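Reviewing the structure listed below.
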Amino acid sequence: MASHQLLSVPHFCLLSKVSSFHAPLLSTPGKLSLFHPTTCSPLQSSSTSRITNLQAVTNTRSEIESNAPTETTALTLRNICQGFVPEHILHRMEEIGFVFPTDIQREALPTLFTGRDCILHAQTGSGKTLTYLLLILSLINPQRSSVQAVVVVPTRELGMQVTKVARMLAAKSTDAEVKGCTVMALLDGGMLRRHKSWLKAEPPAIVVATVASLCHMLEKHILRLDSVKVLVVDEVDFLFYSSKQAGPVRKLLTSFSSCDKRQTVFASASIPQHKHFVHDCMQQKWTKRDVVHIHVSAITPMPLCLLHKFVVCGKKNKHQVLLALLESDAPESAIIFVGEQVFENL
Ligand SMILES: Nc1ncnc2c1ncn2[C@@H]1O[C@H](COP(=O)(O)OP(=O)(O)OP(=O)(O)O)[C@@H](O)[C@H]1O
């Protein structure tokens, strides 16, 4: 069904990460993050949140219109992160404009700072990336010359976005005493030879990697997991459903499970059969037994100001239909999600 649908995104959507199962378009679904067109802040909606582990179940409900301060959300990101994340990073975070936590940040960060493994399950654009980056930055020792955190992503594009945010937050402080931490983008299609030398000469504190490139470095023993304190698997649903990537990711998780003092974090907008997934993670020892599933779900999954349309068409004429749609909607800008990174002349 999805392969015959076209989605038009005429007004409010800007692309954040092209990687998951949310917007059915052309042959492969894509993913949208929603931003207000002028403020560029993510569009939020009311949400329910649930934090679950198999030992204890806690239900909380938050009804928050946006992440602007209200009586219930006066808590700032600084309040949550103080004592865990270094001051210069908190300062940078605020300079960038990350002042008030989103729902997932408010729910997940206190648990993450206790060292527990977590499954971050919240809609796209909800702020999962910043959540796990703040955890990573709370654990990194910039004085140590070793890889201390690895973020696994399914696509190069997502890897570039995560790297960009990590570098913005982790950059060298203006205070000469405070060393920044380095972030390597180890992504498919990158310059592996250069990365090999870099990894050998001066290992970066954080590596953001696609599965194939990471496995290559691990197999060649250029990168080792022993020094890694936290492993994040972003878009875990996508990785586990990808025939090429699922096997290597499982292998990676199994190797990481033998590392001492590890913390593992999964992030995704959708985790089908999440109870089964949590159970599997514990069974396979990919996570510790007290892993927490933190689910923040939007009551209104899509802001009302967005208009979704779809057109059913055959495989052969999808390009013509797409062109006709673009002509009829005449959007100022548009994003087209495609299945493969092969450029064709429309
Ligand atoms: N606390 C915050 N305050 C303001 N903006 C935020 C905050 N947290 C995240 N953002 C912004 O919201 C946008 C979406 O955040 P992010 O990419 O982290 O979402 P995500 O949940 O990781 O999405 P995805 O499911 O696509 O991975 C980004 O532009 C990010 O800079």
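Just so it is clear, none of the values below were taken in a lab; they were calculated from the coordinates. Source: prediction; values computed, not measured. Don't worry about glycine lacking a Cβ; one is built from the backbone with ideal geometry, like all the others, and counts go over all protein chains shown.
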>> For residue 200, give me every one of the lysines with a C-alpha distance below 24 angstrom, ignoring sequence neighbours fewer than eight places off in its own chain.
In response: 164, 172, 179, 220, 229, 251, 261
>> So for each of 322-328, 166-172, 208-214, 278-284 I average, over its residues, the number of other beta carbons within 10 Å; can you give me the resulting order with the highest mean first?
In response: 208-214, 166-172, 278-284, 322-328
